[in-house]
Structures are given as structure tokens and as C-alpha cells.
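First the structure, in the form of C-alpha cells, and then the observations on it.
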């Protein structure tokens with residue numbers, strides 16, 4: 001692994017910790033927004049390109065939205081190899097499910113960032129939403145990309161399905177504010193903790209929140225009621241990786257999702273949706289986590305199972 005510093009690739013771990021040994025995620029660097037009102041980034045068919053990894057839960061969110069919002073024929077996509085080694089994410093279409101870099105033929109994802117800004121200092125992450133017209137990155141923050149996909153292209157696609165409806169915005173925002181630090185990022189804070197105290201705090205926060213979500217789902221089909229919303233689509237990629245990877249690899253082993261009556265039902269219901277199932281590649285998920293994190297799994301041994309989510 002590594003990162004770009006002043007435009008040059010620097011090898012080394014990008015896992016940062018605070019003074020207490022708790023994992024400290026680096027912020028994203030491109031934060032523009034596609035909109036009919038934006039002076040530059042307008043919603044146009046064929047203009048934008050998405051870079052993703054099937055292994056990454058953040059990137060998977062955007063792939064799910066691309067499908068749900070009928071954007072497949074309007075926004076093209078390239079898929080990196082599940083391994084993230086000393087040179088970071090890379091392309092190798094000899095591996096099943098991986099593609100070439102369709103835009104530039106680059107070998108490494110870092111070259112996409114260098115193309116956008118030759119002097120950039122940043123971690124090299126997926127997803128990336130690229131603008132073919134201005135030849136730069138529009139945005140690399142998944143939570144903002146899915147908001148664009150949710151509404152910015154509606155006139156183009158004639159798909160008005162809304163996963164962030166106005167009457168539920170406050171409730172969705174509150175759920176996101178709870179789920180992101182405790183669950184989405186909580187599994188990483190647990191897995192990358194460098195002290196016992198940091199691990200104990202994060203794993204307890206993680207499972208107390210899962211307990212709350214299980215209780216919430218005791219009388220609701222989805223997190224806000226009978227309709228799938230952004231809150232569900234942000235949570236489900238983490239839940240689908242939980243029993244396969246996080247329980248063992250990240251030591252999130254107090255309980256499994258299958259041990260929760262309501263969370264397990266909820267996860268199965270969402271996984272049955274084609275846009276979610278088709279965006280979930282178990283091989284890429286297992287391969288990435290167990291093979292890429294040498295600090296956790298130095299011999300890169302990949303478990304034989306599980307071969308299915310349920």
C-alpha cells in the first residue's frame with residue numbers, strides 16, 4: 001500500500017492511528033457535484049466514468065446505485081484487481097471480474113489521480129467519478145456520489161426512484177450519523193486498532209449499535225419503514241461482508257449477522273435484490289481483505305470458506 005505525496009507514489013501503510021491507537025481514516029480529496037445548476041459538471045449521458053472495486057464497500061454503494069437508477073448505459077465503469085499491494089489498486093483483466101482502465105490504459109489507479117492533479121497529496125481510493133470532458137475527478141466520496149446518482153440524472157434516465165425522499169431526510173441523516181462511525185467505519189476501527197483499549201472501545205460500540213439496529217428492525221422491514229432508502233443502501237455492503245470477512249479478519253467476533261434474528265432477515269431481503277446481489281463479488285471481497293492487509297494477515301492465507309453469504 002501507499003499514497004501520493006506531492007504527486008509521487010510513496011510506498012507504505014496508509015493506515016493511520018490517533019494517539020490512542022484508534023484507526024483514523026484519511027479524508028477524501030475531490031468533492032464536486034454533478035447538477036443541472038453546476039457551471040461545469042452537468043448530467044450528460046456518456047460523460048462520466050466510475051472506477052470501483054467489488055471488494056470495497058464504499059465503491060459497492062455506487063455500483064448498486066448505478067444499477068438501481070438505470071445509469072448503466074450512461075455511466076461507464078472500470079474495475080480494479082482485488083489485491084491492493086505496495087503500488088496500490090491496479091488493473092489486470094486476466095483476473096475474473098477485473099477490467100482494464102477503459103479510459104487511459106493505465107496500470108495503476110494512482111495514475112488516475114496523477115492525471116487529475118500531477119502534484120496531489122492523497123490516499124488512492126475507490127470509488128472515483130471521472131469527467132471525460134474536463135479530464136479530471138469530479139468526486140471520490142461515495143456518500144456524495146450516491147446522492148448524485150439518486151437525483152442528478154433523473155431527467156436523462158426517466159427513473160425517478162428516490163432513496164433520499166424529503167419526508168425522510170432527517171431520519172436517514174440520523175441513521176447515517178449513527179451507522180457510519182459505529183458500523184461502516186467501525187469494523188475498520190476494530191480491525192486496525194493498535195491497542196487493546198482502542199479495540200475494546202470500537203468493538204463494543206460496533207456491537208451495541210448492531211443490537212440497536214436489530215431491535216429497530218423488529219417492527220420494520222427496512223430501517224425507516226417499508227421503503228428502501230439511502231440508509232439501507234449505505235449499511236448493506238458492510239453487512240454482506242461481515243460474516244465473510246469482518247468476524248475473523250477484523251476480530252468482530254462477538255456475534256455474526258446470522259445470529260441476529262432481524263438483521264439476518266433484513267440482510268437476506270436486501271441481498272435478494274438483483275442490483276445488490278450482482279454488485280457483491282464474494283471472491284473479490286475475501287481476496288482483497290485477506291491478501292492485502294499484510295499487517296493483519298502477513299502470510300496472506302485466504303480461508304476456504306464461506307463460499308456463500310447465507
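Bear in mind these aren't lab numbers, they're just calculated from the coordinates by the rules spelled out. All values derive from a computational prediction rather than experimental measurement. Cβ atoms come from the backbone with ideal geometry, glycine included; neighbour counts cover every protein chain shown.
General observations
- Overall form of segment 166-274 per C-alpha gyration tensor (a/c, 1.5; a/b vs b/c): prolate
- The simple Förster model, with R0 at 25 Å and r as the Cβ-Cβ distance, assigns residue 8 and residue 85 a FRET efficiency of 0.90.
- Cα shape, segment 223-310, gyration tensor, a/c 1.5 rule: prolate
- Proxy reagent accessibility, fewest Cβ within 10 Å first, across 255, 189: 255, 189
- For the pair residue 277 and residue 31, a Förster radius of 30 Å applied to the C-beta separation gives a FRET efficiency near 0.45, rounded to the nearest 0.05.
- In units of the rule-of-thumb radius 2.2 N^0.38 Å, segment 2-157 shows an alpha carbon radius of gyration of 1.03.
- Between residue 107 and residue 269, the modelled label-to-label distance comes to 4.8 nm, taking each label 7 Å out from Cα in the direction of the beta carbon.
- Full-stretch length increase - residue 226, residue 200 - with 0.36 nm per residue and alpha-carbon distance subtracted: 5.9 nm
- Using a simple spin-label model with pseudo-atoms 7 Å out from Cα toward Cβ, residue 162 and residue 259 lie 4.0 nm apart.
- Segment 190-237 shape via C-alpha gyration tensor axes, a/c threshold 1.5: oblate
- Fraction of the pair-distance distribution of the chain above 32 Å, Cα-Cα pairs, percent: 25 percent
- GNM result for the chain, Cα springs below 10 Å: residue of 150, 94, 67 fluctuating most strongly: 94
- Taking other C-beta atoms within 10 angstrom as a stand-in for reagent exposure, 100, 201 fall in the order 100, 201, fewest first.
- Annotation: peptides 135-146, 160-171, 231-242, ranked by per-residue average of other Cβ atoms within 10 Å with the highest first, follow the order 231-242, 135-146, 160-171.
- GNM on the chain, alpha-carbon springs under 10 angstrom: the most fluctuating residue among 95, 205, 266 is 95.
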